[in-house]
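Chemist: Starting off with a structure, shown below.
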Amino acid sequence: MTTDTNAPAASVSNTGAKGAPNSPSEPQLSPKSARATSDPKQSATLPSASATGAPATLAGAADIAPTSGLTSDEARRRLAEFGPNAMPDTGTHPLRMAIEKFWAPVPWMLEAAILLELVLSKYVESGIIAFLLVFNAALGLFQENRAQATLAALKSRLALTASVRRDGAWKTVPATDLVPGDLVKLSLGGVVAADVKLMGGEVLLDQSMLTGESIPIEAGVGLETFAGALVRRGEAEAEVTATGARTKFGRTADLIRTANAVSSQQTAVLRVVRNLAIFNGGVIALLVAYSWHLKMPVAEIIPLVLTAILASIPVALPATFTLASALGARALAKLGVLPTRLSAVDEAASMVVLCSDKTGTLTQNALTITIVRSMAGFDEPHVLALAALASSDGGDDPVDGAIRAAAAVKSVPDAPRLVKFAAFDPAKKMSEATATDAAGSQHRIVKGAFTVVSALAEPSSTAIVLAKELEDKGFRVMAVAAGSAMPMKLAGLIALSDPPRADSASLVSELHGLGVRTVMVTGDAPATAAIVAKEVGLDGAICPPGPIPDTVRPEQFAVFAGVLPEDKYKLVKAFQKGGHTVGMCGDGANDAPALRQAQMGIAVSTATDVAKSAAGMVLTEPGLAGIVAAVKEGRITFQRILSYTLNSITKKTVQALFLAIGLVMTGHAILTPLLMVVIMITGDFLGMSLTTDNVQPSPAPNAWRIGNLTIAGVVMGLGELVFCVAIFAFGAYWLGLAIGALQTLAFVVIVFGNQATTYANRERRHLWSSRPSIWLLVSSVADLLIASTLAVGGIAVTPLPLWVVACTLAAAVVFATLLDLVKVPVFRHLGIT
């Protein structure tokens with residue numbers, strides 16, 4: 001029996017468990033959105049596995065007899081109508097991805113230069129430029145298309161086969177063949193293959209791969225669950241309500257495909273290239289017009305135009321963005337933060353609002369006993385001892401584990417001896433034990449939700465008031481009763497909570513100091529969220545329950561409580577609509593669209609594989625420490641990229657204008673295409689060493705102010721232009737150098753001038769305020785040595801006297817100092833920090 005190649009595998013990933021919920025039960029998808037003031041397994045209200053907006057049952061499906069299922073003919077008809085139960089493959093072909101890397105402004109300029117070189121039969125130069133083109137494309141492909149990895153992770157979590165009733169008999173069919181209205185069997189260890197509604201039986205469903213939480217959901221007749229859930233206990237029959245793209249998973253996948261926050265890096269590169277293209281395009285047009293006016297031969301005009309085009313291309317700009325981000329990612333990996341998209345490193349520098357999860361990020365993700373209220377005739381140690389007897393030993397229940405741990409600390413010598421233990425019963429909503437005391441009398445002990453246990457005990461108005469008071473404060477409340485006859489005696493109440501992490505308050509404060517506003521986004525009830533928010537220093541209003549407004553602003557609220565995973569996506573979009581760079585924490589598959597939409601999607605340490613592949617960064621440790629580290633490292637990366645971008649604008653402004661002035665002064669092209677290719681290699685690519693420079697992270701979120709950056713680059717460029725023209729005029733009019741020697745001098749003065757502006761641009765304060773990195777110094781020495789060796793040795797150029805080269809270098813040092821004095825007030829005025 002064959003299956004569709006798009007059919008996902010049956011594995012389910014559960015990379016971690018989060019704390020149990022603790023707000024009133026709601027009929028939603030998961031414990032996050034089905035919070036209860038008591039244990040969800042021991043609550044008086046059974047949590048539902050359905051979610052708002054779940055697809056309606058197929059019209060007419062209810063008319064199919066649940067005992068017989070569909071006929072094969074009807075199944076084939078519906079399969080033709082609804083399509084296979086698989087998500088469509090929308091992956092981009094690798095060849096198309098590669099081709100797209102050659103279809104952008106910078107590649108266009110390089111490709112034009114290659115064509116002109118070939119026209120002039122300059123095969124070596126064209127080969128060098130082609131290598132630079134391929135180098136840029138290869139680096140770009142390195143970080144391409146993370147959304148496809150997310151979809152692949154989604155597919156790998158669905159069932160491969162399903163047990164379905166067709167023609168009155170149970171059959172095993174490929175999961176892709178399921179159709180709405182099918183009757184399927186959910187069995188122990190199986191994966192739910194489509195969105196279904198339970199028609200009979202009871203099952204315990206693990207939806208951790210959807211929600212990121214491992215607390216199972218008790219599901220009975222009439223409740224809905226979704227494709228990808230794992231059956232942990234029991235058996236049931238269910239009717240398929242949605243398949244393929246119409247399932248919860250399908251809608252999540254569709255959101256992931258459409259979710260896209262435009263990278264600020266992409267925007268910056270495009271705007272820089274656009275500005276340079278407009279400016280230098282005008283200069284090149286004037287060059288051509290003036291050359292035509294001088295009646296220069298076409299054979300001289302074409303190399304001049306080619307040289308001007310090469311002078312205008314910021315060839316290494318995209319590659320530098322990638323390299324700087326890669327180095328930042330490597331530094332973050334050492335701190336336990338794993339970037340999955342390199343652009344996320346730079347986005348961390350621009351983040352102004354962080355939407356933080358509560359459980360496991362701000363809190364310890366571990367239930368602890370917070371308060372014990374004993375009733376008359378009992379004390380706290382005995383209440384805990386009784387509760388421990390009615391708790392499973394060694395199980396996965398977080399409530400039972402917390403009670404046993406607390407009881408072990410406050411042990412009592414006369415604790416009853418356990419005779420029999422009955423595990424939690426979903427129907428009774430409680431667990432119980434039989435124990436004997438020191439006198440040999442037998443007692444029954446029950447533990448569970450207050451409403452259930454109090455019904456078995458003597459009425460107590462005091463207990464009712466205490467329970468309501470604790471529940472209103474957001475605690476999960478357990479009641480314990482004991483006795484040998486009915487009614488039993490209420491022993492006490494146990495309040496549990498997930499306390500804040502010890503470092504949460506200080507890290508929230510540190511983020512605030514860095515200019516990042518933290519808001520809590522949780523599925524918990526407002527009361528619970530408010531308590532944690534106050535303890536960690538999140539002061540502000542709580543967003544009222546209900547749909548999130550499209551115009552909501554981060555500064556309006558400190559807490560967004562009762563938020564469904566689907567609403568996180570809307571919240572991110574709303575914040576972005578206000579012009580904010582947003583960071584979003586998440587852990588479940590249904591968080592994936594929000595993680596993908598956010599400029600900085602952050603998968604917490606317990607996140608599912610789907611959430612991790614959708615996020616831009618994955619934390620390997622709980623808490624906010626990794627996010628703080630990402631912000632700081634991101635700002636270091638941003639400063640390095642900013643330095644290189646500023647340098648590119650400066651250089652490309654100078655080179656085109658210098659060509660034009662040189663043409664006016666001499667009537668000839670003062671640089672050849674070969675010399676410009678050498679400048680590109682030594683200047684642009686050795687200049688990538690700025691990605692390792694020692695920089696100071698900015699104290700506030702960064703932003704790409706391309707307009708101000710362009711003005712600053714032009715000012716610096718005009719300063720370098722004055723230097724280059726002065727040295728060139730000295731060679732032309734004072735030394736009387738021939739055109740060949742002047743071309744060499746123009747080459748040398750551009751290289752030396754570029755180095756001078758590099759050291760002025762790298763530091764926002766005076767250039768001596770910080771020490772350059774060793775790699776920057778090495779690349780500078782290499783650049784100077786290459787240019788000097790070619791000039792003095794006459795390699796591929798007309799030689800220059802050594803003293804001319806040495807004097808030019810000395811003049812460049814003086815120029816750098818003078819330019820630095822102009823730079824500081826200019827940068828301060830333009831906000832270049």
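Chemist: Which residues, counting only those in the stretch 367-380, are part of a loop (DSSP other than H, G, I, E, B) and open to solvent by 40 Å² or more (accessible area, probe 1.4 Å)?
Modeler: Narrowing the stretch 367-380 to residues part of a loop (DSSP other than H, G, I, E, B): 367, 375-379.
Passing the criteria: 376, 377, 378, 379.
Chemist: For the stretch 601-612, enumerate the residues that are surrounded by 24 or more Cβ atoms within 10 Å (Cβ to Cβ) and either touching a Gly at 6+ places or on another chain (Cβ under 8 Å) or among the hydrophobic types (A, V, I, L, M, F, W, C) (or both).
Modeler: The initial filter retains those residues of the stretch 601-612 that are surrounded by 24 or more Cβ atoms within 10 Å (Cβ to Cβ), namely 601-604, 606-608, 610-612.
Within the stretch 601-612, 601, 602, 603, 604, 606, 607, 608, 610, 611 meet the criteria.
Chemist: Now, a different point. Quick test for you: out of 562, 515, pick the one residue that is surrounded by fewer than 19 Cβ atoms within 10 Å (Cβ to Cβ), assigned to a loop (DSSP other than H, G, I, E, B) and of a type in the set (Gly, Ala, Ser).
Modeler: Numbers: 562 fails: surrounded by fewer than 19 Cβ atoms within 10 Å (Cβ to Cβ).
Selected residue: 515, the only one of 562, 515 that is surrounded by fewer than 19 Cβ atoms within 10 Å (Cβ to Cβ), assigned to a loop (DSSP other than H, G, I, E, B) and of a type in the set (Gly, Ala, Ser).
Chemist: Oh, and also: Can you report the number of residues in the stretch 257-309 which are at pLDDT 85 or above, open to solvent by 50 Å² or more (accessible area, probe 1.4 Å) and among the hydroxyl-bearing types (Ser, Thr, Tyr)?
Modeler: So the count comes out to 1.
Chemist: Let me ask you something else. How many residues does the stretch 735-748 contain that are assigned to a helix (DSSP H, G or I) and open to solvent by 50 Å² or more (accessible area, probe 1.4 Å)? Working first, answer last.
Modeler: Here is the first cut: in the stretch 735-748, the residues assigned to a helix (DSSP H, G or I) are 739-748.
Those still in the list that are open to solvent by 50 Å² or more (accessible area, probe 1.4 Å) too: 739.
Total meeting the criteria: 1.
Chemist: Just wondering, is there one or more residues in the stretch 779-788 that are modelled with pLDDT of 95 or more, more than 20 Å from residue 712 (Cβ to Cβ), open to solvent by 70 Å² or more (accessible area, probe 1.4 Å) and not hydrophobic (A, V, I, L, M, F, W, C)?
Modeler: No - not one qualifying residue is present in the stretch 779-788.
Chemist: Just to verify a result, which residue in the stretch 680-692, among those that are crowded, with 23+ Cβ neighbours inside 10 Å and modelled with pLDDT of 90 or more, is nearest to residue 580 (Cα to Cα)?
Modeler: Filtering the stretch 680-692 for residues that are crowded, with 23+ Cβ neighbours inside 10 Å and modelled with pLDDT of 90 or more, the one nearest to residue 580 (Cα to Cα) comes out as 691.
Chemist: Another question, then. Considering (1) at pLDDT below 90; (2) not in a loop (DSSP other than H, G, I, E, B), say which one residue 727 fails and leave the rest.
Modeler: With (1) at pLDDT below 90; (2) not in a loop (DSSP other than H, G, I, E, B) applied to residue 727, the lone miss is (1).
Chemist: Taking the condition of being of a type in the set (Phe, Trp, Tyr) and touching a residue at least 24 places away in the same chain (Cβ under 8 Å), how many residues in the stretch 785-828 meet it?
Modeler: Start the filter on the stretch 785-828 by keeping residues that are of a type in the set (Phe, Trp, Tyr), which leaves 803, 815, 827.
Still in the list and also touching a residue at least 24 places away in the same chain (Cβ under 8 Å): 815, 827.
Number satisfying all stated conditions: 2.
Chemist: Here's a follow-up. Of all residues being of a type in the set (Gly, Ala, Ser) and open to solvent by 10 Å² or more (accessible area, probe 1.4 Å) in the stretch 539-559, which is modelled with the lowest pLDDT? Just the residue, please.
Modeler: So in the stretch 539-559, the residues of a type in the set (Gly, Ala, Ser) come out as 540-541, 546, 558.
Subsequent filtering for residues that are open to solvent by 10 Å² or more (accessible area, probe 1.4 Å) retains 540-541, 546.
Values: 540: 90, 541: 91, 546: 79.
Filtering the stretch 539-559 for residues that are of a type in the set (Gly, Ala, Ser) and open to solvent by 10 Å² or more (accessible area, probe 1.4 Å), the one modelled with the lowest pLDDT comes out as 546.
Chemist: Looking at this structure, is residue 714 assigned to a helix (DSSP H, G or I), more than 16 Å from residue 743 (Cα to Cα) and either among the β-branched types (Val, Ile, Thr) or touching a Leu at 6+ places or on another chain (Cβ under 7 Å) (or both)?
Modeler: When the stated conditions are applied, residue 714 passes them.
Chemist: OK, next. Of all residues in the stretch 413-432 being of a type in the set (A, V, I, L, M, F, W, C) and closer than 25 Å to residue 366 by Cα, which is modelled with the highest pLDDT?
Modeler: So the first thing to find is which residues in the stretch 413-432 are of a type in the set (A, V, I, L, M, F, W, C), and the list is 415, 418-419, 421-424, 427, 430.
Still in the list and also closer than 25 Å to residue 366 by Cα: 421-424, 430.
Numbers: 421: 90, 422: 86, 423: 79, 424: 72, 430: 86.
The residue in question is 421.
Chemist: Out of the residues in the stretch 707-734 that are aromatic (Phe, Trp, Tyr) and free of Cβ contacts under 8 Å to residues at least 60 places away in the same chain, state the one that is most open to solvent (accessible area, probe 1.4 Å). So that I can check it myself, show each step before the final result.
Modeler: To start, the set of residues in the stretch 707-734 that are aromatic (Phe, Trp, Tyr) comprises 723, 728, 730, 733-734.
Next, from what is left, pick out any that are free of Cβ contacts under 8 Å to residues at least 60 places away in the same chain: 730, 733-734.
Details: 730: 91, 733: 154, 734: 193 Å².
Per the criteria, the residue is 734.
Chemist: Every residue in the stretch 455-489 that is under 29 Å from residue 355 (Cα atoms), surrounded by 13 or more Cβ atoms within 10 Å (Cβ to Cβ) and of a type outside the set (Lys, Arg), please. Break it down stepwise before answering.
Modeler: Start the filter on the stretch 455-489 by keeping residues that are under 29 Å from residue 355 (Cα atoms), which leaves 470-477.
Next, only the ones that are surrounded by 13 or more Cβ atoms within 10 Å (Cβ to Cβ) stay: 470-471, 473-477.
Matches in the stretch 455-489: 470, 471, 474, 475, 477.
Chemist: Here's a follow-up. It is to be established whether one or more residues within the stretch 78-96 are in contact with a Gly (Cβ under 6 Å, 6 or more places away or on another chain), of a type in the set (Lys, Arg), open to solvent by 50 Å² or more (accessible area, probe 1.4 Å) and modelled with pLDDT under 75.
Modeler: No.
Chemist: Right, another one. Residue by residue through the stretch 444-454, note down the ones that are of a type outside the set (A, V, I, L, M) and surrounded by 22 or more Cβ atoms within 10 Å (Cβ to Cβ). Talk me through it step by step, then tell me what you get.
Modeler: Step one: list which residues in the stretch 444-454 are of a type outside the set (A, V, I, L, M), which gives 444, 447-448, 450-451, 454.
Listed by number, the residues that qualify are 447, 448, 450.
Chemist: Could you please tell me which pairs satisfy a Cβ distance under 6 Å, a separation of 6+ or placement on different chains, a first residue in the stretch 115-139 that is over 27 Å from residue 322 (Cα atoms), and a second residue that is among the charged types (D, E, K, R)?
Modeler: 117/125
Chemist: Just checking, which of 594, 574, 530 is small (Gly, Ala, Ser) and over 18 Å from the mean Cα position of the chain (by Cα)?
Modeler: Details: 594 fails: over 18 Å from the mean Cα position of the chain (by Cα); 574 fails: over 18 Å from the mean Cα position of the chain (by Cα).
None of the other options fit; the residue is 530.
Chemist: Shifting gears a bit: Which of the numbered conditions does residue 438 fail, given that it passes all the others? Conditions: (1) small (Gly, Ala, Ser); (2) free of Cβ contacts under 8 Å to residues at least 40 places away in the same chain; (3) in a helix (DSSP H, G or I).
Modeler: The failed condition is (3).
Chemist: What is the number of the single condition among (1) closer than 30 Å to residue 462 by Cβ; (2) open to solvent by 30 Å² or more (accessible area, probe 1.4 Å) that residue 492 does not meet?
Modeler: (2)
Chemist: Given the residues 388, 348, which is the only one that is touching a Lys or Arg at 6+ places or on another chain (Cβ under 8 Å), modelled with pLDDT of 85 or more, open to solvent by 10 Å² or more (accessible area, probe 1.4 Å) and of a type in the set (A, V, I, L, M, F, W, C)?
Modeler: Working: 348 fails: open to solvent by 10 Å² or more (accessible area, probe 1.4 Å).
Step by step, each of 388, 348 is checked, and only 388 is touching a Lys or Arg at 6+ places or on another chain (Cβ under 8 Å), modelled with pLDDT of 85 or more, open to solvent by 10 Å² or more (accessible area, probe 1.4 Å) and of a type in the set (A, V, I, L, M, F, W, C).
Chemist: OK, next. On the basis of being open to solvent by 30 Å² or more (accessible area, probe 1.4 Å), among the hydrophobic types (A, V, I, L, M, F, W, C) and under 30 Å from residue 584 (Cβ atoms), does residue 615 make the cut? Don't jump to the end; show me each part of the working.
Modeler: Numbers: open to solvent by 30 Å² or more (accessible area, probe 1.4 Å): no; among the hydrophobic types (A, V, I, L, M, F, W, C): yes; under 30 Å from residue 584 (Cβ atoms): yes.
Considered against the rule, which asks whether it is open to solvent by 30 Å² or more (accessible area, probe 1.4 Å), among the hydrophobic types (A, V, I, L, M, F, W, C) and under 30 Å from residue 584 (Cβ atoms), residue 615 comes out as no.
Chemist: Step by step: first the residues of the stretch 125-173, then only those that are modelled with pLDDT under 60 and of a type in the set (S, T, N, Q), then the one that is surrounded by the most Cβ atoms within 10 Å (Cβ to Cβ). Which residue is that?
Modeler: 150
Chemist: Condition first: surrounded by fewer than 24 Cβ atoms within 10 Å (Cβ to Cβ) and within 13 Å of residue 354 (Cα to Cα). Now tell me which residues in the stretch 576-598 satisfy that.
Modeler: At the first step, the residues of the stretch 576-598 found to be surrounded by fewer than 24 Cβ atoms within 10 Å (Cβ to Cβ) are 576-581.
Within the stretch 576-598, 576, 580, 581 qualify.
The values are calculated or read from the model by the stated rules, or taken from the named source; none is laboratory data. Worth saying up front: this structure is predicted, and the values here are computed from it rather than measured. Glycine also receives a Cβ, built like all others from the backbone with ideal geometry; neighbour counts cover every protein chain displayed. Side chains included, ligands, DNA and RNA excluded: accessible areas come from the protein's heavy atoms. Shrake-Rupley method; radii C 1.70, N 1.55, O 1.52, S 1.80 Å.
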